[in-house]
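What follows is a short report on a single structure.
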Amino acid sequence: MAIGVFDSGIGGLSIHRALVDRLPQADFVYLADQKHTPYGDRSGEEIVELTRLGCETLFDAGASLVVLACNTASAVALRRLQSSWLAQFRKTYKRPVNVLGIIVPTIEAATGLPWEHEAERRGPKIEKLDVIGVFSTVATARSRVYEIEIDKRRQDLAVFTEACSGLADMIEQGAERAQLSAKIKGHVDSLKIRIGRYPDRAILGCTHYEIVADLFREHLPAGTPLIHQPEPVAKALADYIGRHPEYNIGDSGRRAFLTTGALKSQSALAEAFWGGPLSFETLQAVAS
């Protein structure tokens, strides 16, 4: 048995790295759906179906828990899969399985509040809003998940999401840093214009963006806090496993990397972030 980690490509490695560091004895299977990357410009129905197929592939590979290490899949597909697919799948599979996302621990980190907390709608007058900028894919921005869920918990936070179309694919393909820097600067500047100033804090709302977090920091004002996803997600998963011993996550430290794309070397950008060579096994389990 193992923990499955799913993403449309290499972005989920940023989450995977933190999970491995937090749970070094656990077995992990990583699946990158590189045949269909990027997800950010796809329709909601496509994202749901591709995510479902990816989860099934990981369960078949021995995962008992699957972490959607992808904001787009977590924002668009997770609730649908949990409400309309997972319960029936468990009956068919006849063993404990579950799918978890990364939005909840990110919002907990951004608000400093547990997910269950809801803000009082008739509180004292708010004198100053703290502005959070979210950099995300088009599909995540379209879902408005960060605006909706943060507003439920903190009335003193205003959220502006900047859809960075094409950026995840550039990172996936290993674009030159100068190209990535120019692209990121354009989106930081665009967000500044929409807000009227720079955000007070920023969420990197796509796991690909964590790989180039230094470039976001370079183009935001010095000292602007970045809300990183990997550590809150890793802590949340470790806490969840502690509360749910029915999920067998293995204990041999096995690492497997699968891709639906062509067998090839991963980009130097991905390997530099991971800290060494990455060897992926190709498969055909996720349909076209």
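Being farther than 20 Å from F273 by Cα, of a type in the set (A, V, I, L, M) and part of a helix (DSSP H, G or I) is the filter here, so list the residues in the stretch 135-181 that pass it. Once the filter is applied, which keeps residues that are farther than 20 Å from F273 by Cα, of a type in the set (A, V, I, L, M) and part of a helix (DSSP H, G or I), the stretch 135-181 yields V138, A139, A141, V145, I148, I150. Only one entry of R142, R153 meets the criterion of being farther than 20 Å from H16 by Cβ, more than 19 Å from the chain's Cα centre (by Cα), of a type outside the set (A, V, I, L, M) and surrounded by 14 or more Cβ atoms within 10 Å (Cβ to Cβ), and that entry is R153.
For the stretch 237-257, a tally of residues being over 13 Å from L65 (Cα atoms), surrounded by 15 or more Cβ atoms within 10 Å (Cβ to Cβ) and of a type in the set (G, A, S) returns 1. Restricting the stretch 1-28 to residues that are more than 16 Å from the chain's Cα centre (by Cα) and of a type outside the set (D, E, K, R), the residue that is nearest to V233 (Cα to Cα) is L23.
Within the stretch 207-220, identify whether any single residue is of a type in the set (S, T, Y) and in the same structural domain as F135 (by TED's automatic domain parsing), and answer yes or no.
Yes, some residue in the stretch 207-220 is of a type in the set (S, T, Y) and in the same structural domain as F135 (by TED's automatic domain parsing).
The one condition from (1) in a loop (DSSP other than H, G, I, E, B); (2) farther than 21 Å from A270 by Cα; (3) touching a helix residue (DSSP H, G or I) at 6+ places or on another chain (Cβ under 9 Å) that G40 does not meet is (2).
Return the pairs, sorted by first residue and then second, in which the second residue is crowded, with 18+ Cβ neighbours inside 10 Å and outside any helix (DSSP H, G or I), the first residue lies in the stretch 73-88 and is without any contact (Cβ under 8 Å) to a residue 40 or more places away in the chain and among the basic types (K, R), the beta carbons are less than 9 Å apart, and the residues are 6+ apart or on different chains. Here the result reads R79/G101, each pair linking the stretch 73-88 to a residue that is crowded, with 18+ Cβ neighbours inside 10 Å and outside any helix (DSSP H, G or I). When R52, R17 are screened for being in the same structural domain as G261 (by TED's automatic domain parsing) and in contact (Cβ under 8 Å) with a residue 60 or more places away in the chain, only R17 passes.
The values are calculated or read from the model by the stated rules, or taken from the named source; none is laboratory data. The shown structure was predicted, so the numbers you read here are calculated from the model rather than taken from an experiment. All Cβ positions, even for glycine, are placed from backbone atoms using ideal geometry, and neighbour counts span all protein chains on display.
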